[in-house]
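A short reminder: the numbers here are calculations on the coordinates, not readings from a lab. This structure is a prediction, so every number in the text was calculated from the model and none was measured. Cβ sites come from the backbone with ideal geometry, for glycine too, and all protein chains shown count toward neighbours.
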Amino acid sequence: MAEMLSGADMLVRALQDEGVEYLFGYPGGAALHIYDAIFKQQKVEHILVRHEQAAAHMADGYARATGRPGVVLVTSGPGATNTITGIATAHMDSTPIVVISGQVPTDQLGTDAFQETDMVGVSRPVVKHSFLVRNAAEIPMAVKKAFYIAASGRPGPVVIDVPKDATDPNAKFEYAYPKDVAMRSYNPVAHGHSGQIRAAVKLLLAAKRPVIYSGGGVVQGDAAEALTAIARRLDYPVTNTLMGLGGFPGTDRRFLGMLGLHGTFEANLAMHHADVIFAVGARFDDRVTNNPAKFCPSAKFIHLDVDPASISKIIPADIPIVGAAAPALTGMLGRLETELERNPDAIDRDAIDAWWRRIDGWRGRFGLDHDQRARGDAPLLPQQVVQAVYRATRGEAYVTADVGQHQMFAAQYYLFDEPRRWINSGGLGTMGFGLPAAMGAQFAFPDAQVVCVTGEGSFMMNMQELSTCMQYALPIKIINLNNQALGMVKQWQDMQYGGRHSHSTYKDALPDFVALAASFGHAGFRVDTLPELEAVVAEIFSDKYKDRLVFLDAWIDPDEHVYPMAIKGGAMNEMVLTRNGGPAPPP
Amino acid sequence: MSARRIIAVLLENEAGALSRIIGLFAQRNYNIESLTVAPTEDETLSRLTLTTCGDESTIEQVTKQLNKLIEVVKVVDLTDGDHIERELMLVKVRAEGAQRPEIKRVADIFRGQIVDLTPDAYTVQLTGPSEKLDAFIRAIGRAAVLEVARSGVSGIGRGDAMMRL
């Protein structure tokens, strides 16, 4: 005889059957039947957050670090709406999370009941899909479909809104968790079209000035290995988007660094002068292309993406390939080997060598440390802090970031050799993401080194989670690049608004972060000079603090800008390299 | 080149599916000129016809984004091939004294039917492509038109072309 369970028990049981480890959540009236069901079991561990937005970011951080969906449980009304920023963040960066929200009982729907919000409606523009459960019997299939949709194809957030009466502990139903799910309206493409792959390989082999431009799709699609194999086999240069860092080893000499608005000189120039650009799992975001009309004037584009709507959306593709990155790239690698076996001289080595000489020339003259060198004996610079953290963690940490200058410095100066180590809000640009995302990664990998690089502005948007870190003893290392201002806003005001710092500073109103950390039982340090930096960073990452959260308040030069910076409305070869240097000579 | 397009969509006949389509158009700044929707002979499916306009790349994005919606089963741009489009209009027209036979004549010319009347007005029912309905209103004269209810465009491919699963 089938097992009889209440809706609340079915929901929790379905999460168990889905293999969920953690639920990041916050209880409230409409979710209380579910919370009671959680209380009666041990398999799924519930993490009590301090704010629902942070729960969504934790689930997101967990998903990005592991590749498995992160799960959120909140109550109706404000509990649900507080997750929206987190859902939108996951949506923009295509990460799989499942958000379960309590809802008022079905007979009160639409009556403006206490803590009622149309969660399916409010979340609609920022989810991949959503379900409103109409009765308890629908719960197992809704959960099954939610996880399937969240994690397959181009991943994304899925909401399950559960009215309280559907979780009534006294109404019991037969429970069976569906083994498979088939949906006639949803069949994500896996392998790329073989004819397109053949054409792409042919174009790649004929290239004289190629660049591989890879994005978050390579990281999320577990395709870093295949991409790396292709790039190394061809000996072609690779650049990564902000979302794609770690998709190709950051310490490989073929890596040009990040491209785009704050991309490296060599990456942006290589793109601009390329004759063939192979875009993989990247979506030609405006922070990459700058002015699409001036974008890479001599390039032909191969565009591989799991989402057909991303292809030719901004830049028309010469060879579009719809497919998941890993199987499509593996198919390409096979095709490449066949071609090279047939014709070992298929690649024009002289042209590629000449291309590398040009790129290395750009790298040598205006590489990333150009601005630092230009600054001379400045006060403590944010780049130096990131570099010290990189050395102390041997480049192996999971690094999360918030949004702003510190995010760019971390992306530029921490070299990621592995995918899923760099976790940041690229698309939505959500301040307050860093700490909860780090918590999600730390829950996923309790023994790993997890670092949150943040700024005091972003950190203060979700600093209540220091309490959650205390409750669950999370040994995260928070590196606060403190410039006593909203640095990126201030930089734009310096560069485009005549230095009028409209509402971007608060320097007499900052807390004592060391004392703040201590009040939550954490360790705090402060550093403001370069000579002290190395020793403090070494101590933080020593065994002494292995099991503790440490907050490093690094007081950096408040006037530092992020460079290079693309010139607004320009082509990719138009950028500013130093504060006083003006635009770089476009070679 | 911005052109008018008629797009037919088969979608799961589920609560909330329609709101996702309308939301998509609002969210992505696509324009909807008209939209009709009703269940099909297969009660699990609804068929929706919408008219929109945009250049080729916009329309390509519209169809791709529609296809991405989980509840959308099939999308066809009917304007890609030969097709039939029809719209239904119910229009209340001022018709007094000497105007009455004139209105009747114009309705006949447009193959309209008078489906209701009062001493002062006729209600005319018309079907056809949207331009024909526009032309009727111009012929009657805007001043005589008291109220208009239009269904929006419905469309289907000509010949053997069939939109099914």
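Worth a mention:
- Principal-axis tilt of helix A:194-205 within chain A, Cα atoms, nearest 10 degrees: 30
- Degrees separating the helix A:530-540 axis from the principal Cα axis of chain A, which is the longest one: 40
- Cα-based Lys pair tally, the stretch A:379-559, threshold under 30 Å, eight or more apart or on separate chains: 5
- Cross-link reach is defined here as a Cα-Cα straight distance under 21 Å, omitting same-chain residues fewer than 8 places apart; for B:K104 the lysines meeting it are B:K92, B:K132.
- Assuming charge only on the beta carbon of Lys and Arg (+1) and of Asp and Glu (-1), the dipole of the stretch B:84-154 about its Cα centre is about 100 debye to the nearest 20.
- Taking a span of 27 Å or more along the helix axis (Cα atoms) and a mean Kyte-Doolittle hydropathy of at least -0.5 as the rule, no DSSP H helix of chain B qualifies.
- Using the Karplus relation 6.51 cos²θ - 1.76 cosθ + 1.60 with θ = phi - 60°, the per-residue 3J(HN,Hα) values for the stretch A:62-79 come to 4, 5, 5, 6, 9, x, 9, x, x, 10, 10, 10, 9, 8, 6, x, x, x Hz, with x marking Gly and Pro.
- Proximal aspartates and glutamates to A:K179, defined as alpha-carbon separation beneath 20 angstrom and excluding residues fewer than eight positions away on the same chain: A:E3, A:D9, A:D17, A:E18, A:E21, A:E138
- Remark: the stretch A:3-175 carries a charge dipole of roughly 500 debye about the Cα centre, counting +1 on each Lys and Arg Cβ and -1 on each Asp and Glu Cβ.
- Unit charges on C-beta of K, R, D, E only; dipole of the stretch B:10-134, Debye: 360
- Computed from Cα atoms, the angle from the helix A:487-496 axis to the main principal axis of chain A rounds to 50 degrees.
- Tensor-based shape of the stretch A:194-366 (alpha-carbon gyration tensor, a/c under 1.5 rounded, otherwise prolate or oblate): rounded
- Loop sites in the stretch B:16-118: GluC sites (Glu not before Pro), DSSP, at most 12 other Cβ within 10 Å: B:E41, B:E43, B:E96
- Quarter of Cα convex hull surface for chain A, i.e. mean projection, nm²: 28.2
- Under the combined filter of DSSP loop state and at most 14 neighbouring Cβ atoms within 10 Å, the stretch B:2-40 retains these trypsin sites (Lys or Arg not before Pro): B:R28.
- Residue among A:F147, A:G440, A:I478 farthest towards the positive dipole end of chain A, charges placed on Cβ: A:F147
- Protection proxy ranking for A:154-164, A:420-430, using the average of other Cβ atoms within 10 Å per residue and placing the highest first: A:154-164, A:420-430.
- Per-residue average of Cβ from other chains inside 10 Å of A:119-130: 3
- Loop-located trypsin sites (Lys or Arg not before Pro) in the stretch A:1-54, at most 11 other Cβ atoms within 10 Å (DSSP): A:K40
- Listed by chain and number, the lysines whose alpha-carbon sits under 19 Å from that of A:K313, ignoring those within fewer than 8 places in the same chain, are A:K128, A:K294, A:K300, B:K64, B:K68.
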